[in-house]
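See below for the structure under consideration.
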Amino acid sequence: MTDWLNEVIQKASSVAAWKDIATVLSGFSTLAIAVLTVFLWRENRLLRKGGSEPRLIAYYEPHPDGTGGLNIAITNVGKGPAKDVYFQFDGDPENFAKYDLVLDCSHRRGPIATIPQDGKISIFFAVGFQLFSPKSNGKSNANEPIDPFHILIEWQSMGGRKKYADRFLLDVKPYANLPGFINKPHLLKLVDSVNAVGKQIGTLKPEVGRLVNLIEANTLDSRAVRKVKGNPEDV
């Protein structure tokens, strides 16, 4: 009888021990689930916050009229509008001065009131092929591109609660010889051809003028061609 009771007590104690272990494991699993829940909540909050903020980027793009102009575009690729946008160029002023740029790069620009979501502004920067030919060089086919530089952009969210800033590298070298970016447009090539023809006509003008000043004075009785000098005024 005593042995039987001891055996029952041992079994009961073993069951209680297993229950205690199960309780401890259940507590640990509950704690792990709570930690993971907090982590996922935080990550989702950051993703929602990042997905609702304006985000501006800057890059080169060809001028839409197809004349070989090169624009600098600032585009809002984020969520929501960006307001009070400023931008300025971070580069060597002497390098900018070497090239025939349309845009003055010497001072900070802005504020631009608003760039809406998926909206952009596009600024005429220069004629593409001139970025490969310094003004002092004088050769249209010179291969000396403008040095890379950065453009700094600052903006705010629509509520003005948070300010942002970023900088982007702009380099024309990868666009060398790409039609629409760097090549001289056909219209300017035609102008160069017309100018060349004009110079050739200019060299012929004195010769043509001398011939025009000679007038034939033949009559029906003339046995030889007679020419007299007419008005010497330049034609």
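Would you order 59, 99, 175 from fewest to most other beta-carbon atoms within 10 Å of each residue's own beta-carbon?
By the 10 Å Cβ count, ascending, the order reads 59, 175, 99.
Using 0.36 nm per residue, how much length does the chain from residue 164 to residue 23 gain when fully extended, once their Cα-Cα distance is taken away?
45.7 nm
How would 75, 23 line up from fewest to most surrounding beta-carbon atoms within 10 angstrom?
Placing the least packed residue first, the sequence is 23, 75.
Set the Förster radius R0 to 35 Å, insert the Cβ-Cβ distance between residue 40 and residue 147 as r into 1/(1 + (r/R0)^6), and round the FRET efficiency to 0.05.
Rounded to the nearest 0.05, the efficiency is 0.15.
Among 161, 42, which comes first, second and so on when ranked by fewest other beta-carbon atoms within 10 Å?
Going from sparsest to densest Cβ surroundings: 161, 42.
What is the set of long-range amide H partners of residue 99 at a cut-off below 5 Å, with H atoms built 1.01 Å from backbone N?
Amide H to amide H, under 5 Å and 5 or more residues apart or across chains, residue 99 pairs with 135.
Give me the net charge for the shell around residue 88: Cβ to Cβ below 13 angstrom, other residues only, Lys and Arg +1, Asp and Glu -1.
Taking every Cβ under 13 Å from that of residue 88, the sum is -1.
Under the √(5λ) rule applied to the eigenvalues of the Cα gyration tensor, what semi-axes describe the equivalent ellipsoid of region 56-175? Give them in Å, descending.
29, 15, 11
Under 15 Å from a point placed 7 Å out from the Cα of residue 90 along the Cα-to-Cβ direction: which residues of region 145-172 have their backbone N that close?
Flagged as within label range: 148-155, 164-171.
Counting only residues 5 or more places away or on other chains, whose amide H sits under 5 Å from the amide H of residue 126 once H atoms are built in the peptide plane?
Here the answer is 70, 102, since their amide H atoms fall under 5 Å of that of residue 126.
Pull up all non-local amide H partners of residue 79: gap of 5 or more, or a different chain, and H-to-H distance under 5 Å with H placed in the peptide plane.
53, 55
When all C-alpha to C-alpha distances in region 111-171 are sorted into bins of 10 Å, what percent of pairs does each bin hold, rounded to whole numbers?
With a bin width of 10 Å, the distribution comes to 16, 36, 24, 17, 7, 0.
Mind listing the phi-derived Karplus ³J(HN,Hα) values for region 102-107, rounded to whole Hz, using 6.51, -1.76 and 1.60 with θ = phi - 60°, and x for any glycine or proline?
Couplings: 7, 8, 6, 9, 8, 9 Hz.
Past the 23 Å Cα-Cα mark, which pairs from 98/120; 135/173; 98/163?
The answer is 98/120; 98/163.
Throughout, read-outs are computed from the coordinates displayed, never taken from laboratory work. What you see is a predicted model, and the numbers here were worked out from it, not measured in a lab. Cβ coordinates were reconstructed from backbone atoms using ideal geometry, including for glycine residues, and neighbour counts include every protein chain displayed.
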